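Student: Just passing along the structure, written as structure tokens.
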Amino acid sequence: QKTHAAPLLAIFDPHGMPLHLGKARLANKWIRYSLTAAERGCSRPGCDAPATMCAVHHVVDWSKDGPTDIENLTFACDGCHSLINDTEGGWATIKLGPDSAHPGRTGWTPPRTIDRARRPRVNLRHHPERVLSGMLARHRTDRTRDRAAEHTIHP
């Protein structure tokens, strides 16, 4: 029996980002599948647009020799995509490095009118497990500190 399904094996790095899938001028369906698995939707902070409503955006623009490699791509819905530009009021995108709290994720840098320091922001709206894991880690730290304080002998 003939099937129209195409099997897909998604392999992720330790930070949950898909591995390099090759180059093309436009993102192919395999890159879109990997971005969908990794980002699940628009990467702009606060946006809840699902992947099905997003375009593939080059973090380093194609016109500036930005490759169509998975490491240089992210999702942006039409409304958010239109905010990215090189003007004074435009947003910028960067891939966050390994020393970041969110390595490999796309950071959106707001214009100075929103944040003078232009600190990159990450959208965790599509990643509730990351928010929950951070909350659990803080809870465990608090409990450990409280237990240590209980066992400390006070004169």
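Student: Going by amide H atoms built from the backbone, whose H comes under 5 Å of the H on T68, apart from near neighbours?
Tutor: Here the answer is A24, since their amide H atoms fall under 5 Å of that of T68.
Student: Give me a comma-separated list of calculated 3J(HN,Hα) values for the stretch 28-35, in order, Karplus coefficients 6.51, -1.76, 1.60 applied at θ = phi - 60°, integers in Hz, x for any Gly or Pro.
Tutor: 7, 5, 5, 5, 4, 4, 5, 5
Student: Enumerate the amide H contacts of L124 below 5 Å, restricted to partners 5 or more residues apart or on another chain; note that Pro and chain-start residues carry no placed amide H.
Tutor: Residues meeting the criterion, in which the H sits 1.01 Å from N, are G46.
Student: Taking 0.36 nm per residue of sequence separation and subtracting the Cα-Cα distance, how much length would be gained by fully extending the chain between D48 and A101, in nm to one decimal?
Tutor: 17.0 nm
Readers should treat all values here as calculations from the given coordinates under stated rules, not as data from a laboratory. Quick caveat: nothing in here was measured; it's all calculated off a predicted structure.
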